[in-house]
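Below is one structure, written out as structure tokens, with a few remarks after it.
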Amino acid sequence: MAAIQQPTPQAGKKPRVRKHSFHLDMTPMVDLAFLLLTFFMLTTTFAKPRVMQLTMPVPDKKQPALVASKRAMTIVLGKNHQLHYYFGLYAPADPTVPVPTLQTTSFGAQGIRQALLARRSQQPKPIILIKPSPQATYRDMVDILDEMNITDQEKYALTDFSATDRQLLEANGQQ
């Protein structure tokens, strides 16, 4: 509390105007500050981590999963945050399978998102194969998984970047 000290008058002398010393007790204010700080810390909701649930199938060593070429869309994560995609599967050993047309795009609403939505309108339940190249970054991987979630893709798989994928990129001048 604040307190003003008053001098005692002496007998026979005219009282002189004096400056009074002022003392402010800060203890209650500090107590209130700590009570408020504690209250807001305990009642605040901290930012909850946002995670995406992935369901990974149990690998079957006897029978590898077969994907129909007409349902497949392959996305290759390249360098400099670029995406390369083609429809179908690339099988250079099979001469009946044509070499796919490789298209390059970027992340975002006008990039891979439009390609995924267009593929879903052509093929009702596509299977998306995601192949990160050695030059791809972790951020690219997170971004493509976000795009899968945004476009509501039912089936997608992370697969290995193979030598045939590298040949396809080199043939199209992307590597």
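Quick look at the numbers
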{"item": "Descending Cα extents along the principal axes, the stretch 117-175, whole Å", "result": "31, 25, 17"}
{"item": "Cβ-Cβ FRET estimate between ALA68 and PHE39, R0 fixed at 41 Å, reported to 0.05", "result": "0.10"}
{"item": "All aspartates and glutamates inside 15 Å of LYS79 as judged from Cα atoms, apart from same-chain residues fewer than 8 positions distant", "result": "ASP140, ASP143, ASP165, GLU170"}
{"item": "Mean separation of Cα contacts under 8 Å (6+ apart) over length of the stretch 72-171, as relative contact order %", "result": "32 percent"}
{"item": "Cα Rg, Dmax (largest Cα-Cα span) when computed across the stretch 72-171, Å", "result": "12.8, 37"}
{"item": "Under 19 Å from the ARG139 label point (7 Å along Cα→beta-carbon), backbone N, the stretch 102-123", "result": "105-113"}
{"item": "Gained length - ALA118 relative to THR164, 0.36 nm times residue gap less alpha-carbon distance", "result": "14.0 nm"}
{"item": "Burial ordering of VAL97, VAL17, fewest other beta-carbon atoms within 10 Å first", "result": "VAL17, VAL97"}
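We did not get these values from a lab; they are worked out from the coordinates using the rules stated. Bear in mind that the values here come from a model prediction, so they are computed numbers and not experimental data. So basically every Cβ, Gly included, is an ideal-geometry build from the backbone, and we count neighbours across all protein chains shown.
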